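All remarks here apply to the structure that follows.
The values are calculated or read from the model by the stated rules, or taken from the named source; none is laboratory data. This is a predicted model, so every value here is computed, not measured. With ideal geometry, Cβ positions are generated from the backbone for all residues, glycine too; neighbour counts draw on all protein chains shown.
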Amino acid sequence: AVYQTNLTVQTNPGGDIGAYPDVLIIDGNHSPDDTSCPQWDFVKNNNQIIDYLDLGAFADHWLQTQDHENWDKEFNLSPAPDPETGKQIINYMDLGVFADHWLESSPCSE
């Protein structure tokens, strides 16, 4: 699938993230397991918005691979493996999917 987004993400070797406007991001098809609650709504709370709370939860998993002891497939929004290792990793591709849903409403709450 191809998504037009207002953000693109660049990382440096230290793992820091920078966001820049107006870039096309391409990723694979992704369907959340639970269609009533979007996969990118990580924090189920009463504000029911994809926002900074969800981004904070996502950031806690940044650059974790499937081999990491705290790996959580919920944060793996893009099914494309890392081209260097062939393993799943929480990276810019997942952040691109998350950014596509920034400030969307969600039916999920506590």
Fill in the blank from the handout: Residue pairs within 8 Å by beta carbon, gap of at least six or interchain, first lying in the range 69-90 and at pLDDT 95 or above, second of a type in the set (Lys, Arg) and surrounded by fewer than 13 Cβ atoms within 10 Å (Cβ to Cβ), listed first then second, are 88/73
Handout entry: Residues of the range 48-81 satisfying the condition of being of a type in the set (Asp, Glu) and within 11 Å of the chain's Cα centre (by Cα)
Key = 54, 74
Practice task
Any chance you could count how many residues in the range 70-105 are among the aliphatic types (A, V, I, L, M) and exposed (fewer than 15 other Cβ atoms within 10 Å of the Cβ)?
Solution key: 1
Handout entry: Answer residue from the range 52-69, given it is assigned to a loop (DSSP other than H, G, I, E, B) and among the acidic types (Asp, Glu) and is surrounded by the most Cβ atoms within 10 Å (Cβ to Cβ) among those
Key = 60
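A quick yes/no check of all residues on (1) among the hydrophobic types (A, V, I, L, M, F, W, C); (2) in contact with a Lys or Arg (Cβ under 7 Å, 6 or more places away or on another chain); (3) more than 13 Å from residue 38 (Cβ to Cβ); (4) assigned to a loop (DSSP other than H, G, I, E, B):
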{"position": "71", "(1), (2), (3), (4)": "yes, no, yes, yes"}
{"position": "74", "(1), (2), (3), (4)": "no, no, no, no"}
{"position": "77", "(1), (2), (3), (4)": "yes, no, no, yes"}
{"position": "81", "(1), (2), (3), (4)": "no, yes, yes, yes"}
{"position": "86", "(1), (2), (3), (4)": "no, no, yes, yes"}
{"position": "93", "(1), (2), (3), (4)": "yes, no, yes, no"}
{"position": "97", "(1), (2), (3), (4)": "yes, no, no, no"}
{"position": "103", "(1), (2), (3), (4)": "yes, no, no, yes"}
{"position": "107", "(1), (2), (3), (4)": "no, no, no, yes"}
Completion exercise
Counting only residues that are small (Gly, Ala, Ser) and modelled with pLDDT under 50, the range 19-61 contains a total of 3
